[in-house]
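The values are calculated or read from the model by the stated rules, or taken from the named source; none is laboratory data. Everything numeric in this text was worked out from a predicted model, so none of it was measured. Backbone-built Cβ (ideal geometry, glycine too); neighbour counts: all protein chains shown.
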Amino acid sequence: MSTSFDPTTAPILATYARFPLTLVKGEGSRVWDNQGNSYLDFCAGIAVCSLGHCHPSMVAAIEKQARTLIHVSNLYFTEPAAHLAQLITDLVEIPGKTFFANSGAEANDGLIKLARRFGRHCPNPETAEARHEIITFNKSFHGRTLGGIAATGQQKIKDGFDPLLPGFRHVPFNQLNALSEAITPETCAILLEPIQGEGGVNTATPEFLEGLAKLCKEHNLLLMLDEVQCGFGRLGEMMGWRALGAPDLQPDAISWAKGMGGGIPIGAFWVNDRPASDDGTALSSLLGPGSHGSTYGGNPLAAETSLAVLNEIADAELPANAMAREAQIRETIASWKHSAITAVRGKGLMLGIALNPEVVKAPEGKTIAAHLCGELLTNKLLVPPAGPDTIRFLPALNVTEAEVAEALSILKDTLDSL
Ligand SMILES: *Cc1c(COP(=O)(O)O)cnc(C)c1O
């Protein structure tokens, strides 16, 4: 490749405000740019690269499957998708069935379709009309499809795309009273991230989760979890919600993407086999033949890779590593008593470090979080922002104690220099 080739001027639609950095190689928790500089990667593709970059077990699965069978239509069965669906059901520990998609937004669109079917199957008892409203939360993020942006509780994600898909009501997170008041005879489901990611790393409290589960039972609403960012080990449990101390919570449906593929595009949603109504119809049968589909969803290459990733997360006990690294990060940051940091939020390796706007200043037109991410990049640490005043640590689940210590030292030096 000629040295004058500059990817930053490529004819790619400018929907991202990208950092001026071209990455060409990765290994473990490190990536290299096209100038030969290396970076510690605590962005990990935004919580995607669960095993870090180019992990041997993932590479082996891709190589083997690429030589065996890459893609066939979902008109036929394949072994990788069957094994992956079984593994997911085993990990959820509740009987249910999985649909495979390619991304988180697509998986959430599937949940929205499930909720619409459920609202038709169990209509408003007074009017006998289908219920269709889904309650989601302020600062939530559910993806960029038209369904996903309608579900999302952030105005900037929706701007200029009217008319939006109707049937969503947004309420403040972690406020049971507001949630209870928002339920109407039209409501059929509640959709939430157990820890909000893009909205600033906000953790659902156990009381909120327990109360929400109770409201769902009382009003016959589906309880749907968006675990696209927090699922499969990141919070210290294979099921994110299990890390949050609400043992009575039983989801009706769950979506995943990001970390489940380790970097190969795959998403999924799971639906509980429980009866949807007194007639005994299973919830998981409401989306029957012809009701939903995806050309690529769960194709052999993606499914076999995801299987390797999820097995490695479990076998190498990476959820336990996520917990140990969280403790290391929290203890180290607490010991600094740094005036630039106001709080550390989140769980496991989905952590938000909240910045003090009195101390951290940004140039005009830039949030303090984006500004600090840029300074950290200059110092060879990659992290993404979460909202205007929080940066995120989302490293690979197998990140080492030494790598975490190195990242923390870069963070401290950078904050000291501001
Ligand atoms: C990233 C994300 C999505 C969207 O996933 P895509 O794969 O980008 O479509 C949805 N929900 C949550 C919680 C996310 O973090």
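The table below gives the values:
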{"item": "Failed item, numbered, when GLY45 is tested on (1) more than 18 Å from ALA257 (Cβ to Cβ); (2) within 16 Å of the ligand (Cβ to nearest atom); (3) small (Gly, Ala, Ser)", "result": "(1)"}
{"item": "Matching residues in region 87-111 - criterion: being within 16 Å of the ligand (Cβ to nearest atom) and either without any contact (Cβ under 8 Å) to a residue 60 or more places away in the chain or small (Gly, Ala, Ser) (or both)", "result": "ALA101, SER103, GLY104, ALA105, ALA107, ASP109, GLY110"}
{"item": "Index of the failed condition, SER50 passing every other in (1) of a type outside the set (A, V, I, L, M, F, W, C); (2) within 16 Å of the ligand (Cβ to nearest atom); (3) over 16 Å from GLY263 (Cβ atoms)", "result": "(3)"}
{"item": "Boolean, VAL59 is of a type outside the set (Lys, Arg), without any contact (Cβ under 8 Å) to a residue 60 or more places away in the chain, more than 30 Å from GLY288 (Cβ to Cβ) and not in a strand (DSSP E or B)", "result": "yes"}
{"item": "Selection from region 315-364 of residues that are at positive phi and either in contact (Cβ under 8 Å) with a residue 24 or more places away in the chain or among the hydroxyl-bearing types (Ser, Thr, Tyr) (or both)", "result": "GLY346, GLY348"}
{"item": "Pair list, Cβ < 9 Å and 6+ apart or interchain, from region 4-28 residues that are within 19 Å of ASP41 (Cα to Cα) to residues that are of a type in the set (Phe, Trp, Tyr)", "result": "LEU21/TYR39; LEU23/TRP32; LEU23/TYR39; VAL24/TRP32; LYS25/TRP32; GLY26/TRP32"}
{"item": "Residue match in region 275-282 (condition: in contact with a Ser or Thr (Cβ under 9 Å, 6 or more places away or on another chain) and not in a helix (DSSP H, G or I))", "result": "yes"}
{"item": "Residue within region 403-412 that is under 24 Å from LEU235 (Cβ atoms), of a type in the set (Gly, Ala, Ser) and under 18 Å from the mean Cα position of the chain (by Cα) present", "result": "no"}
{"item": "Subset tally (residues that are polar (S, T, N, Q) and not in a loop (DSSP other than H, G, I, E, B)) for region 5-25", "result": "2"}
{"item": "Given (1) buried (at least 19 other Cβ atoms within 10 Å of the Cβ); (2) in the same structural domain as PHE99 (by TED's automatic domain parsing); (3) more than 24 Å from LEU235 (Cα to Cα), number of the condition SER294 does not satisfy", "result": "(1)"}
{"item": "Filtered residues of region 283-335 (kept if in a loop (DSSP other than H, G, I, E, B) and either basic (Lys, Arg) or farther than 30 Å from ALA115 by Cβ (or both))", "result": "ALA316, GLU317"}
